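Engineer: Handing you this structure, nothing more for now.
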Amino acid sequence: MESRHAQIEKEVLAVVWGCEKFREYMTGMHFNTQTDHKPRIPIFSKKNLDDLSPRLQRIKLRLMKFSYTIVHIPGKELFAADALSRNPQKVPCKRKELEAEIDAFIQILQVLFQHYLAY
């Protein structure tokens, strides 16, 4: 559905999703949103709703429920984002080892289930 959105809109929608998903924890608190995209800062902190496109207006209205500050941090200093999104480590796993682990897990579950039935 977001295939027609601009990149800035996609990134801000991710922030909106996170805020709305964890609204119970974030309501009433002031928090910082870190970004490496400098143009996002004036759009969502200084510009009036009248100066934004209709889509950005709707996104900004959804964020107005929260007390936040957008902080610019250069991309090379956003370590958490880099660790989560870049250079994933491939874990070498052989089929035999995986099957052995699965069998051991199933045996543990069977033992636990038998003890559960005994009570």
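Engineer: For residue 68, what residues show an amide H to amide H distance below 5 Å, using hydrogens built from the backbone and excluding near sequence neighbours?
Structural biologist: Here 31 satisfy the definition.
Engineer: Please give me the summed charge of the neighbours of residue 53: other residues whose Cβ is under 12 Å from its Cβ, Lys and Arg +1, Asp and Glu -1. Present the calculation step by step, with values, prior to reporting the outcome.
Structural biologist: On the way: positive: 47, 55, 58, 60; negative: 9, 50, 51.
That sum, taken over residues with Cβ under 12 Å, equals +1.
FYI, it's all coordinate maths here, none of it is from the lab. The structure displayed is predicted, hence computed values, not measured ones. Neighbour counts run over all protein chains shown; Cβ positions are idealised from the backbone, glycine included.
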